Amino acid sequence: MIQNIRAVTRPRRMDHFQYRDGVLLAEGVSLEAIAEEVGTPFYAYSTATLERHYKVFAGAFDGMDTMVCYSVKANSNIAVVRTLARLGAGADVVSGGELKRALAAGIPADKIVFSGVGKTVRELTDALKAGIMQINVESEPELEALSTIARSLGLEAAVAFRVNPDIDARTHAKISTGKAENKFGIEWTGVHEVYRKATTMAGIRPVGLAVHIGSQLTDTAPFRDAYLRVRDIVAMLRADGLNVERLDLGGGLGISYGDSAGLLPGPAEYGEIVREVFADFDGQLLFEPGRVIAGNAGVLVTRVIYIKEGATRNFAIVDAAMNDLTRPSLYDAFHEIVPAIEADNKAPLLAYDVVGPICETGDTFCIDRKLPALAAGDLLVIRTAGAYGAAMASSYNTRAMVPEVLVREKEFSVIRRRLEVDDLINLEAFPAWLSNNPD
Ligand code: LLP
């Protein structure tokens, strides 16, 4: 059931994955060449794109007192984090593990902010001992725990209170975090009281507020609404004589996955909103961008294993799967898919479901996608996979963990080797009562 569909044109992107002489390059390196050496599937990241995205984002606040704390969860590879650290980035971490990574990557402790609803005693202890810049507290029980830990260590925690502003970010429900019914933050009407109480607590130094209403926001209005609410709370706190020196405005700026009809707001438009709302704020503004920095700086490269003509569809079965890139199965996310070898412009497009080998129907990267005719052995490139790709990968179905490669101009380097099946099995052990093979 092969259907012919007219060719469509694709908008040009501002990243460093471009065809040259019909071959898709990451900067100066052909993805096919990396595939030969590393095998498939693999993630490839472009240094120049990471750097460009960071600079454009940070540049949107020129002239203001700001710090960009890259949200490590988006892509936590230490080489990626170090690339950004070299440009002066700080880090937003959400676990003791990410804190360790950020420090290992070379982010100075005094540029690290720790967010998250469920920080454990161990994590808070490690953060305080490391001397990080700020802990974003999301509940009163957390504040009490932090005070106890800080006192016992003889240290003081710089604390920002995460506000739940009850604003709809108008993004996917699973990544909306700013509504009253979401688990995040302290309800905005209660922040003032908690803030005042914190000033009396040993080991706690309130420094400001934090807000993050969700991820992949494609409209600036919810940002503005949330920020206006934060501004109002700052006014109330200050009127009460409380010290507010820093505001953490979170991350969340959306990016194009190649399916957006119109133009999405970029860092410049976002920067305008920030300037508009906080022009008079005399203090520091922090940002926690993840996706906008890493998303379009990475691709997932996979090889077609079989082309299977089903009863009603054509399946391109590839060697990457939902364990390598979960976003399509988890959020029904769209990712543009292109061949590594450019198809003739006039070649007809055919409709394919691109699917992985995992034993679940959800293991589908796209449905009815118009692509040039594919054959077994072809290399496909799943774009905009630099954020929440490798960081969310698993070894489900006992598949080797996908490796990561960083490209810089004409060079590339494996920055996480493939975790082989033997590595995985070697992590497991038999209890004594099962240690012998059955006779
Ligand atoms: N700050 C906080 C407190 C966050 O929770 C997040 C993301 C960020 C910053 C960074 O947001 P970004 O700039 O990347 O939108 N796995 C999902 C996205 C989860 C986002 C979680 N929090 C996905 O693949 O779409």
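What follows is calculated from the coordinates using simple rules that are stated; it is not laboratory data. Just so it is clear, the structure is predicted and the values come from calculations on it, not from any experiment. Neighbour counts run over all protein chains shown; Cβ positions are idealised from the backbone, glycine included.
Some notes on this structure:
- Gyration tensor analysis over the Cα atoms of the range 188-261 returns equivalent ellipsoid semi-axes of 31, 13, 9 Å (largest first, whole Å).
- Built amide H within the under 5 Å cut-off of Gly250, gap 5+: Val211, Glu288
- Within a Gaussian network of the chain (alpha carbon springs, distance under 10 Å), most fluctuating of Glu142, Glu409, Glu193: Glu193
- Partner aspartates and glutamates whose Cα lies under 12 Å from the Cα of Lys183, excluding those fewer than 8 positions away in the same chain, are identified as Glu138, Asp166.
- On full extension, the segment bounded by Ile305 and Leu87 gains 74.5 nm, given 0.36 nm per residue less the C-alpha separation.
- Helix 96-105 axis versus longest C-alpha principal axis of the chain: approximately 80°, rounded to the nearest ten.
- Amide proton proximity set for Ile305, modelled H, under 5 Å, gap of 5+: Ile317, Val318, Asp319, Gly377
- Cut-off 14 Å (backbone N to label point 7 Å along Cα→Cβ of Asn243), residues of the range 83-98: none
- Pairs with C-alpha atoms separated by more than 21 Å, drawn from the list Lys55/Lys129; Lys370/Lys410; Lys73/Lys100; Lys100/Lys179, are Lys55/Lys129; Lys370/Lys410; Lys100/Lys179.
- On Cα atoms only, tilt of 140-153 relative to the major axis of the chain in degrees: 80
- Of Gly298, Gly252, Gly131, the residue with the greatest mean-square motion in the GNM of the chain, using alpha carbon springs below 10 Å, is Gly131.
- Once both labels are positioned 7 Å from their Cα atoms along Cα-to-Cβ, the gap between Ser152 and Glu193 label points is 2.8 nm.
- Under-5 Å amide H pairs with Gly90, H placed in peptide plane, nonlocal only: Val68, Cys69, Tyr70
- Extreme residue, positive dipole direction of the chain, given options Leu31, Thr361, Tyr306 (C-beta unit charges): Leu31
- Distance in nm between pseudo-label sites at Ala351 and Ala202 (7 Å out along the Cβ direction from Cα): 7.0
- The alpha carbon centroids of the range 153-197 and the range 356-384 are separated by 39 Å.
- Under 12 Å from the Cα of Lys308 - aspartates and glutamates, other chains or at least 8 residues apart: Asp353
- Antiparallel DSSP beta bridges within the chain, as percent of all bridges there, nearest 5: 50
- For the chain, the longest principal axis of the C-alpha atoms and the axis of helix 267-278 are separated by about 10°.
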